[in-house]
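Okay, structure first, notes after.
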Amino acid sequence: MKKTLLLLIVLLIATTETTHAFTLKNSASLNIEINKDSLRLAELDRYWEALAKTVREGDFEAYGAAYHEDAVVVFASGKNKISVPLSKALAGWKQGFIDTKNGKNISNVEFRFSQRIGDDTTAHETGIFIYTTSESDGKNKVQYRTHFEMLLIKRDDKWLGVMEYQKSDATEEEWDAMKK
């Protein structure tokens, strides 16, 4: 009886210590993963802020430099669904950047996210962006809300867009539901 009781006490202590050690190890691992994820998200937040700044300032070169040289843009929100190299999309957007830079237009873009997945060197961001443009006096203001996905890679400590997928038009209610 005493041997059985002693054996049970030893097993209980061993189980408790093993569980405690396992919990500490997993907790430390979880904290490391959370810290890495927080760093990645902070870097990506800076990427999106910089991209928005290029639109506001009409900085065509900086906008293009935010993407990988082989980046692709997929347009699925209109009636003509197409996939094109970023270089082709940029050619169509260039005049808008020039007009903004020269003060003829006022342009802006904002981003909100519903899902952010990734690791140290890859990211898949899902959300809605609002692109707004108008003449310099505020007339003819146009606003586009678009569901989008962006696939990014990190090269030489810099995030670059690889694929931008403009999925569908978004409503104001959907945008408001993603408030920060």
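The values are calculated or read from the model by the stated rules, or taken from the named source; none is laboratory data. In this text, all values refer to a predicted model and were calculated from it rather than measured experimentally. All Cβ positions, even for glycine, are placed from backbone atoms using ideal geometry, and neighbour counts span all protein chains on display.
This table checks each residue for (1) polar (S, T, N, Q); (2) at pLDDT 95 or above; (3) touching an Asp or Glu at 6+ places or on another chain (Cβ under 9 Å).
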| site | (1), (2), (3) |
| --- | --- |
| 79 | no, no, no |
| 83 | yes, yes, no |
| 90 | no, yes, no |
| 95 | yes, yes, no |
| 111 | no, yes, yes |
| 132 | yes, yes, yes |
| 149 | no, yes, yes |
Scan of the range 105-129 for residues that are surrounded by 14 or more Cβ atoms within 10 Å (Cβ to Cβ), in contact with a Ser or Thr (Cβ under 8 Å, 6 or more places away or on another chain) and either free of Cβ contacts under 8 Å to residues at least 40 places away in the same chain or among the β-branched types (Val, Ile, Thr) (or both), ordered by number: 106, 109, 126, 128, 129
Within the range 121-171, can you find the residues that are in a strand (DSSP E or B), farther than 22 Å from residue 96 by Cα and of a type in the set (Ser, Thr, Tyr)? 122, 126
The listed residue being under 19 Å from residue 157 (Cβ atoms) and among the hydroxyl-bearing types (Ser, Thr, Tyr), out of 87, 38: 38
Go through (1) outside any strand (DSSP E or B); (2) farther than 20 Å from residue 78 by Cα; (3) more than 16 Å from the chain's Cα centre (by Cα); (4) of a type outside the set (Val, Ile, Thr) one by one and return the number of the condition residue 174 breaks. (2)
On the basis of being modelled with pLDDT of 95 or more, closer than 20 Å to residue 149 by Cβ and outside any helix (DSSP H, G or I), does residue 52 make the cut? no
Working only within the range 62-102, note down all residues that are assigned to a strand (DSSP E or B), in contact (Cβ under 8 Å) with a residue 60 or more places away in the chain and surrounded by 12 or more Cβ atoms within 10 Å (Cβ to Cβ). 67, 68, 71, 72, 73, 74, 75
Take the range 137-173 and flag every residue that is aromatic (Phe, Trp, Tyr), in contact (Cβ under 8 Å) with a residue 60 or more places away in the chain and out of contact with any Leu (no Cβ under 6 Å at 6 or more places or on another chain). 165
